[in-house]
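The values are calculated or read from the model by the stated rules, or taken from the named source; none is laboratory data. Just so it is clear, the model here is predicted, and its values are computed rather than measured. We place every Cβ from the backbone using ideal geometry, glycine too, and count neighbours over all the protein chains shown.
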Ligand code: DC
């Protein structure tokens, strides 16, 4: 019998640790991890690279025809042939990505790609609108949160480790601004799906958060890590 295709949606605000947890859960279950935030970041970079204004919807949409984004199994992000893995985490992109993510045609194009990616394989997909809009029929929906302060410190430490120059104050401001824009946008805003399970990771280690997500997946689907 063929294995059932399972989709796990992990949504929540910026820097709530979704990608760290989602990546580990995907690896343990043998599912494909899909970082949808990286896709919005890649578009933002493509817009900036072409000298367009990322706050201008009409200008930004012009990058859509022929746009190609590849999320490689080793975590690299390739956009139109360029390796953008590192540059999409830099402040210039982080500070503008929420504008790009609020543009309807850009969202529709990326949502199409995301649905396609989840069609033929089991996925753990992290983002803001996965359970509410991209995969409303997802088998498991998690809404992962943490306090703003915790999220800012985590993102700051992540940046330090990656050699990306930022200050804690800068990161905290960015997190607050993105929360406001992501939750307030008209189309597919950040909000928990009514059938999602809330996990607050403010006082959890990564392993505890991974275990909490695995417990929900087991309860909803019966699927557990093989070893
Ligand atoms: O998860 P992240 O911080 O890399 O996401 C970058 C931005 O993309 C974030 O400000 C919100 C937006 N985003 C979105 O609107 N919808 C998604 N599914 C994923 C990310």
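Listing for the model above:
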{"read-out": "Subset tally (residues that are free of Cβ contacts under 8 Å to residues at least 24 places away in the same chain and closer than 21 Å to residue 73 by Cβ) for segment 24-61", "value": "1"}
{"read-out": "Test set (1) part of a helix (DSSP H, G or I); (2) away from the ligand (no atom under 14 Å from the Cβ); (3) within 17 Å of residue 36 (Cα to Cα) - residue 121 fails condition number", "value": "(1)"}
{"read-out": "Residue in segment 159-171 that is under 16 Å from the mean Cα position of the chain (by Cα) and within 14 Å of the ligand (Cβ to nearest atom) present", "value": "no"}
{"read-out": "Some residue of segment 96-110 being more than 24 Å from residue 136 (Cβ to Cβ), within 13 Å of the ligand (Cβ to nearest atom) and outside any loop (DSSP other than H, G, I, E, B)", "value": "yes"}
{"read-out": "Residue count for segment 33-56, restricted to those that are within 16 Å of the ligand (Cβ to nearest atom) and either at pLDDT below 95 or farther than 14 Å from residue 97 by Cβ (or both)", "value": "2"}
{"read-out": "The lone exception for residue 78 - which of (1) modelled with pLDDT of 95 or more; (2) within 13 Å of the ligand (Cβ to nearest atom); (3) under 18 Å from the mean Cα position of the chain (by Cα) it fails", "value": "(2)"}
{"read-out": "Some residue of segment 163-170 being touching a helix residue (DSSP H, G or I) at 6+ places or on another chain (Cβ under 9 Å) and buried (at least 23 other Cβ atoms within 10 Å of the Cβ)", "value": "no"}
{"read-out": "Complete set of residues in segment 190-227 that are surrounded by fewer than 16 Cβ atoms within 10 Å (Cβ to Cβ) and touching a helix residue (DSSP H, G or I) at 6+ places or on another chain (Cβ under 6 Å)", "value": "202, 206, 224, 225"}
{"read-out": "First in segment 88-107 and under 15 Å from residue 42 (Cβ atoms), second anywhere and outside any helix (DSSP H, G or I) and at pLDDT 95 or above, Cβ under 6 Å, 6 or more apart", "value": "96/54; 99/54; 99/55; 100/54"}
{"read-out": "Residue check, residue 126 under 16 Å from the mean Cα position of the chain (by Cα) and either surrounded by 16 or more Cβ atoms within 10 Å (Cβ to Cβ) or in a strand (DSSP E or B) (or both)", "value": "yes"}
